Amino acid sequence: MLAWLLVGVVGGRGRVVRADEPAPRAWTAVLGVSRARATLLGEGVADEPARIAAATLLAQVPEGASPEPTLRAALAREQAPRVREALLVALARCARPESVVALALIAERGDPVERGLAARALAGLGNDAALRALVRGLAGPDASTVFAPMLVRVGPVVVPKLLRALADPPAAVAAAQALGALGDARATAPLVALLDSPREADRIAGLEALAALGDARAADAVAARVGDAAPEVVLAALGALAVLGDASHVAVLEARLRSGRAEERRAALAALVAADPRAGAAAISAVLTDADPALLGAARVLLLAATHPRFAPLLEARVAVDAQPESVAAALGALAGGAGVPTLTRLALRARPGLQRTVAGALAVALRTWGADLDAAVAAEGREALALACATLRAPEAALLRALARDAAVAPLLAGRAAGRRPGRCRGAGGSGRRRRGARRSHARG
């Protein structure tokens, strides 16, 4: 049987709200708190849908209605999981400081859903007692998935509490994760100290948090962990060096590239490319003849993603032999500052016919992307090479590529043809194919 819940006042008339009805927006501002309280706490037990609806509606009352004591009292006696969830959602929306004790108890002892809802409510309160309850949650279940994200949501005010939590072994991993996500430089030294922990999980969490912080002051301490006895710590250290490392760490990374396990070699190669482009380019060149197919694949991915001009010679050598030359040509065009334009200019003039169109397209895009940054002579040579390469293409495609490269010589032609031809009919620079064929036949007859 569907139970009535409460009476709203709309237009001066009372209305009975049934449990199967959604909460109408027009009267949620004038709720019958006493009716909802009777539904949740009365001697007669209302059915479960009615209790859920009462909790949902209490979450929408205006601030002065104070439904929070009712919600706390209902939580203390409610056993049905779905109703408890609705009560916690409501409490999270309107909790007051005096709710901390009840919410903290649920955060410690409730089921996973209830712990998440209680943590959200505590983060919303944000007072010192609520934050202490959240930090205590770092030592329990769901620390990384519930309590650390809620502390991050609160913001930098929780950093001192998180730094103290680093000294608590059960809470250290989640505290490190939260500190890394907050990105506060105050955490750098304590996280470096965590790298000396005897617990492998602590060292991994510290390395990942330092990488997230991005503070280069920690780079040497991170590099020291490349020699760690635990393989997972080594991988975490190599990943952190890809963010924090520089040329001073090349020797450590090259040693691991030569003698590490397969996963370590791939991570060391990525760190070398990020830390020092010169050393990274040399390392990629060396491993392109390696017997490990996974390492070869990683080297190719890194090469195509590289943007430093140092990688231009390697990319030029790969254009003719790579299974996807269009990807290599596009990578050349994406090199910072247009550094790949001279290479694409040379390739456009001497590439085989099948490859010339690919190179011409990449050159057109590069000229358009980097035109403002290029030396005038380099840009002019690129446009001239593009025009020569386009001589082998169909006239419309050639004109479009040259226009893409901002070649002023084709702009008037395109403008004129766009004004004089119907949309959808694509003709070349010399007129329609039918007209040219007719001219050739007349010439032959003559």
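Which fully enclosed helices (runs of 4 or more DSSP H) of the stretch 288-386 have 2 or more residues being under 21 Å from Ala275 (Cβ atoms)? Working first, answer last.
Numbers: elements: 293-305, 312-319, 325-333, 341-350, 353-370.
In the stretch 288-386, 293-305, 312-319 are the helices (runs of 4 or more DSSP H) which contain 2 or more residues that are under 21 Å from Ala275 (Cβ atoms).
Taking the criterion of being under 15 Å from Ala221 (Cβ atoms) and out of contact with any Pro (no Cβ under 9 Å at 6 or more places or on another chain), the residues of the stretch 186-204 that qualify are Ala187, Thr188, Ala189, Pro190, Leu191, Val192, Ala193, Leu194, Leu195, Asp196, Arg203, Ile204.
Can you say whether Leu335 is closer than 24 Å to Ala306 by Cβ, modelled with pLDDT of 95 or more and hydrophobic (A, V, I, L, M, F, W, C), as far as the supplied structure shows? For Leu335, the condition - closer than 24 Å to Ala306 by Cβ, modelled with pLDDT of 95 or more and hydrophobic (A, V, I, L, M, F, W, C) - is met. Tell me whether the stretch 341-355 contains one or more residues that are modelled with pLDDT of 95 or more, farther than 14 Å from Ala389 by Cβ and in contact with a Gly (Cβ under 7 Å, 6 or more places away or on another chain). No, the conditions are met nowhere in the stretch 341-355. Each residue in the stretch 398-412 was checked for being more than 37 Å from the chain's Cα centre (by Cα) and open to solvent by 30 Å² or more (accessible area, probe 1.4 Å), and 4 of them qualify.
Selection within the stretch 55-83: residues that are at pLDDT 85 or above and open to solvent by less than 10 Å² (accessible area, probe 1.4 Å). The member of this set that is nearest to the chain's Cα centre (by Cα) is Val83. Of Ser259, Ser248, Ser327, Ser285, all but one fail to be closer than 23 Å to Arg357 by Cβ, out of contact with any Gly (no Cβ under 8 Å at 6 or more places or on another chain) and free of Cβ contacts under 8 Å to residues at least 60 places away in the same chain; the exception is Ser327. When the helices (runs of 4 or more DSSP H) confined to the stretch 166-248 are screened for residues that are small (Gly, Ala, Ser), those reaching at least 3 such residues are found at 169-182, 200-213, 219-224, 231-244. Mind checking which residues of the stretch 219-251 are surrounded by fewer than 24 Cβ atoms within 10 Å (Cβ to Cβ), of a type in the set (Gly, Ala, Ser) and under 24 Å from the mean Cα position of the chain (by Cα)? If the condition is that a residue be surrounded by fewer than 24 Cβ atoms within 10 Å (Cβ to Cβ), of a type in the set (Gly, Ala, Ser) and under 24 Å from the mean Cα position of the chain (by Cα), then Ala219, Gly239, Ala242 are the ones that fit. Among the residues of the stretch 292-319, those identified as closer than 19 Å to Ala339 by Cα and more than 25 Å from the chain's Cα centre (by Cα) are Pro309, Arg310, Phe311, Ala312, Pro313, Leu314, Leu315, Glu316, Ala317, Arg318, Val319. Per the listing Asp168, Asp128, Asp184, the residue uniquely without any contact (Cβ under 8 Å) to a residue 24 or more places away in the chain and either over 25 Å from Glu78 (Cα atoms) or among the hydroxyl-bearing types (Ser, Thr, Tyr) (or both) is Asp128.
Of all the listed residues (Thr358, Thr369, Thr392), the sole one being open to solvent by 10 Å² or more (accessible area, probe 1.4 Å), of a type in the set (S, T, N, Q) and closer than 19 Å to Arg406 by Cβ is Thr369. When the criteria are applied in full, Glu263 fails the requirement of being in a helix (DSSP H, G or I), in contact with a helix residue (DSSP H, G or I) (Cβ under 8 Å, 6 or more places away or on another chain) and closer than 29 Å to Ala351 by Cα. Residues considered: Ala133, Ala165, Ala86. Of these, the only one that is crowded, with 17+ Cβ neighbours inside 10 Å, over 28 Å from the mean Cα position of the chain (by Cα) and more than 25 Å from Arg37 (Cα to Cα) is Ala133.
The values are calculated or read from the model by the stated rules, or taken from the named source; none is laboratory data. Quick caveat: nothing in here was measured; it's all calculated off a predicted structure. As a convention, Cβ positions derive from the backbone with ideal geometry for all residues, glycine included, and neighbour counts pool all protein chains shown. What goes into the accessible areas is simple: the full protein's heavy atoms, side chains included, and nothing from ligands, DNA or RNA. Shrake-Rupley method; radii C 1.70, N 1.55, O 1.52, S 1.80 Å.
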